[in-house]
Every structure is written in C-alpha cells, then in structure tokens.
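Let me begin by presenting the structure, written as structure tokens, before commenting on it.
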Amino acid sequence: MALGVKAVAFSYVTHVLGIAGAVLVLVWCVHFRGGLAWEASNKSLIFNIHPVLMLIGLIIIGGEAIISYKTLSLRKEVKKLIHLVLHAVALILGIIGIYTAFKYHNESNIVNLYSLHSWLGIGIIILYGIQWIYGFLIFFYPGGTTTIRSESLPWHVVFGLFVYLLAVGNAALGYLEKLTFLENSGLAKYGSEAFLVNFTAIVTVLFGTFVVLTVISQGPAENDYSYSAI
Ligand code: HEM
C-alpha cells in the first residue's frame with residue numbers, strides 16, 4: 001500500500017521542518033537558556049545538551065535515515081549504507097544525549113528515572129539499539145538467508161516506525177515536562193520562551209508526521225534503484 005504521491009514531494013517538507021526544528025531548539029537552549037556545556041558550575045548548561053542532541057540526533061537524523069531509503073535514487077547497496085550509518089549517528093547522539101540528562105541529575109543531586117518521560121526514554125533507546133543491531137546482522141553483515149531477510153523486512157519497517165513514533169511522542173513529553181518545571185519556577189506562561197518551546201514541540205510532531213507520510217508514499221520505480229530493501 002502506498003499513497004498516490006511521490007515520496008520526494010513529502011520529503012522536501014520533511015527536510016524544511018527538520019531544519020526549522022534544529023534552529024528552534026538551538027535558539028531555545030543557547031539564546032534563552034544560556035548555552036550548552038559539558039562541564040559547568042551552572043548545571044543547567046549540562047542539561048541543555050539533552051534536548052539539542054535528542055532532537056537533532058535521534059529525531060531529525062533518525063528521521064532522515066528512515067526516509068533516505070524511500071527518496072534517494074541511488075544503488076540499493078549505497079542506500080543501505082546511508083540508512084545504517086545515519087541510524088548509527090542518530091543512536092550514538094541519542095545515547096550521549098541521555099547520558100547528559102543523567103550527568104545533569106547526578107551533579108545536581110537530583111534522583112534519576114522518576115518520570116514517565118525517562119522510563120519511555122530508556123525503553124526507546126534500548127529498542128532503537130536492538131532494531132539497529134538486528135538490521136545490521138540480517139540485512140548487512142553477515143546477512144541472513146533470503147527467507148529470513150524477506151520475512152524480517154515488514155517487521156523491520158513496522159517496528160522501526162513504532163519505535164520512531166514513540167521517540168517523537170516522548171520528545172513532546174520532554175518539552176512539556178521541562179516547560180512545566182520552568183513555569184513552576186516563575187517563567188511567564190504566555191511569554192516568548194513558553195511559545196518558542198511549544199512551537200518547537202509542534203514542529204517536532206509535524207516532522208515525525210512527514211517522515212511517516214514520506215515512508216507510506218511512492219518511492220522510486222522498481223528497478224535497481226527500488227525500495228526492496230533486502
Ligand atoms: C526521544 C527523545 C528523548 C529521549 C529518548 C529522552 C530520554 C530521557 C531520559 C532517559 C531521561 C532520564 C535521565 C535521568 O533519569 O537521569 C530524560 C530526562 C529528561 N528529559 Fe529527555 N529525552 C528525549 C527528549 C527530550 C526533549 C526534547 C526534552 C525537552 C526539553 C527532554 C526533557 C527532559 C527532562 C526535563 C528530563 C529530566 C527530568 C526527567 O528525568 O524526566 N527530553 N530524558
């Protein structure tokens with residue numbers, strides 16, 4: 001099943017939303033929240049790395065990895081390589097991003113893993129890692145038999161989209177949680193920063209939506225450049 005629209009058409013909107021989301025999260029964390037730092041006496045600067053890496057890494061680069069298969073007119077082997085490398089970058093940035101949230105908590109004497117956001121976050125990063133390792137072993141190296149590959153492919157697609165959408169939803173929870181903390185500490189509920197955070201969340205959700213729309217629309221014609229990912 002595919003929507004009667006070319007995937008590339010949706011992918012342009014996806015790229016624009018990705019750039020907009022990256023700019024918005026950087027404006028928030030650098031301009032409004034004081035910047036990013038790995039070591040600092042102001043521990044909030046360590047936290048700021050978390051939303052930046054989770055959005056630009058796991059969500060945006062991860063989304064580009066997903067749609068690359070459907071939009072690039074390259075040889076199958078090249079697309080496979082681009083897909084797995086972009087997902088590896090997304091996963092590594094996601095792991096570093098989660099580490100910074102723990103680092104911020106530990107250095108600020110705040111307990112870890114107390115929220116729904118953090119529980120879902122741990123589940124998501126573990127499932128993303130499992131999905132990447134399974135995909136690597138079955139579709140890339142050493143590679144499964146033709147039967148295992150063709151039977152795994154629909155599960156790889158469905159499970160991959162499921163984990164990705166969970167990540168997009170969890171990022172929305174993360175913005176909500178952080179904004180609620182800030183508003184409880186005095187940030188104006190209708191102020192410019194509150195609007196900026198909510199708009200960043202909306203752009204994140206729209207980006208995820210367009211990743212899915214791109215994936216379920218028409219890829220390149222069935223030839224050497226086809227979408228038959230195995
Ligand atoms: C899919 C993307 C994301 C994942 C997988 C994720 C995962 C996590 C995890 C595992 C923690 C727990 C750290 C600990 O307990 O020490 C955490 C903390 C936190 N994250 Fe995220 N995060 C994501 C995106 C975001 C975004 C975009 C924001 C926006 C600001 C955010 C805000 C927070 C906040 C405020 C905390 C500290 C409070 C808490 O532990 O719930 N997260 N995140």
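Under the simplified labelling scheme, the Phe140-Ser185 pair shows an inter-label distance of 3.9 nm, with each label point 7 Å from Cα along Cα→Cβ. Per-residue Cβ neighbour counts within 10 Å put Leu161, Leu116 in the sequence Leu116, Leu161, beginning with the fewest. By the count of other C-beta atoms within 10 Å, a proxy for reagent exposure, Thr100, Thr146, Thr71 are ordered fewest to most as Thr146, Thr100, Thr71. For the chain, hydrophobic long helices are taken as DSSP H runs at least 30 Å long by C-alpha position along their axis with mean Kyte-Doolittle hydropathy of -0.5 or more; these are 76-107, 146-184, 192-215. Go ahead and collect, in residue order, the members of region 175-219 whose backbone nitrogen is under 17 Å from a label point 7 Å along the Cα-Cβ direction of Val158. Counting only backbone N, you get 216. Among Ala20, Ala201, Ala88, the largest mean-square fluctuation in a Gaussian network model of the chain, built with springs joining Cα atoms closer than 10 Å, belongs to Ala20. Three principal axis extents describe the C-alpha atoms of region 1-123; from largest down they are 52, 29, 25 Å. Among Tyr164, Tyr99, Tyr141, the largest mean-square fluctuation in a Gaussian network model of the chain, built with springs joining Cα atoms closer than 10 Å, belongs to Tyr141. Taken along the Cα-to-beta-carbon direction at a fixed 7 Å, the label points for Phe32 and Val13 span 2.5 nm. Spherically averaged projected area of the convex hull of Cα atoms, the chain: 13.3 nm².
Over the chain, what relative contact order in percent results from Cα pairs under 8 Å that are six or more residues apart?
Working: 266 pairs, mean separation 80.4, N = 230.
Value for the chain: 35 percent.
Bear in mind that the values in this text are calculations on the coordinates, not laboratory data. Keep in mind that this is a model prediction, so the values were computed, not measured. Counting neighbours? That spans all protein chains shown, and the Cβs are built from the backbone with ideal geometry, glycine included.
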